[in-house]
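Take a look at the structure below.
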Amino acid sequence: MDPSIELLWPTAPDERLRAGVHRVIHAVVELGGAVGWLAPPGRAGTDAWLEEVLDAVKSGDASLALAMVDGEVAATGLWWRGASTIFRHSAELRKVMAHPAARGMGLGGLVVSALVGDARAAGIEVLTLGVRGNNHGAIQLYEQLGFREWGRLPNVIEVGDERFDEVKMFLELGRPPHIILRGSTPGGPGSSPRRRP
């Protein structure tokens, strides 16, 4: 019998949610996953992180998607909007991970695709992310979903005595028709002429 898979968009924590999120984070970090902790966090650490995320969800600055397999949290991901007013139109994709026992079920793609659609509906124009350079499966997934690499910071992610690249990626979600894209061209607020050598 195939497992039952559904997406959950929580806005408030309960014990089942806290325990499930902790279970996924702890297992991923234990196997060396690059999701923000060097060692598997305790329950207090993951509970505090979840509270912070859900506070941002309530204020409209984030959205958390959980893939549930047979009623249990099996994968996570979120988008988080920048705090600065000049970056409110962009958000960062964070904490995309699947419990090791649930890998190969397509949960990463399900979560990321749902977050892309949710961010677009929230008016986000650009999604960014950072991924460890040796996580080729994740990079391939992001590329399949339309993300493109915009830069790479060599050997900046520290895991004990090892260093890894951080691959920076982005996805354009669309912009309102009245938006003027200036890029790096001269003109507009804050413009200055080039200096002579």
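The values are calculated or read from the model by the stated rules, or taken from the named source; none is laboratory data. Keep in mind it's a predicted model, so treat the numbers as computed, not measured. Cβ placement follows ideal geometry from the backbone for every residue including glycine, while neighbour counts extend to all protein chains displayed.
Couple of notes before you dig in:
- Per-region count, region 37-46, residues over 18 Å from the mean Cα position of the chain (by Cα) and in a helix (DSSP H, G or I): 3
- Scanning region 24-36 for residues that are buried (at least 17 other Cβ atoms within 10 Å of the Cβ) and assigned to a helix (DSSP H, G or I) yields Val24, Ile25, His26, Ala27, Val28, Val29.
- Looking only at residues in region 164-175 that are in contact with a strand residue (DSSP E or B) (Cβ under 7 Å, 6 or more places away or on another chain) and within 23 Å of Ala122 (Cα to Cα), the one that is surrounded by the most Cβ atoms within 10 Å (Cβ to Cβ) is Met169.
- Taking the listed residues Thr85, Thr76, the one that is of a type in the set (S, T, N, Q) and modelled with pLDDT of 95 or more is Thr76, with no other qualifying.
- For the criterion of being among the small types (Gly, Ala, Ser), surrounded by 13 or more Cβ atoms within 10 Å (Cβ to Cβ), in a strand (DSSP E or B) and touching a residue at least 24 places away in the same chain (Cβ under 8 Å), Ala56 fails.
- Selection of region 139-163 for residues being modelled with pLDDT under 95 and either crowded, with 16+ Cβ neighbours inside 10 Å or at positive phi (or both) yields Ile157, Gly160.
- Residue identified as under 21 Å from Ser4 (Cβ atoms) and either in a loop (DSSP other than H, G, I, E, B) or among the hydroxyl-bearing types (Ser, Thr, Tyr) (or both) among Met105, Met68: Met105
- Residue match in region 173-186 (condition: among the polar types (S, T, N, Q), over 24 Å from Ala91 (Cβ atoms) and over 23 Å from the mean Cα position of the chain (by Cα)): yes
- Candidate set from region 79-95 (those that are of a type in the set (A, V, I, L, M) and buried (at least 22 other Cβ atoms within 10 Å of the Cβ)); member that is farthest from Trp9 (Cα to Cα): Ala91
- His99 vs. criteria of a type outside the set (Phe, Trp, Tyr) and out of contact with any strand residue (DSSP E or B) (no Cβ under 6 Å at 6 or more places or on another chain): no
- Test: Arg182 is surrounded by 10 or more Cβ atoms within 10 Å (Cβ to Cβ), in a strand (DSSP E or B) and free of Cβ contacts under 8 Å to residues at least 40 places away in the same chain: no
- Where Leu110 falls short, out of the listed (1) under 17 Å from Ala138 (Cα atoms); (2) without any contact (Cβ under 8 Å) to a residue 12 or more places away in the chain: (2)
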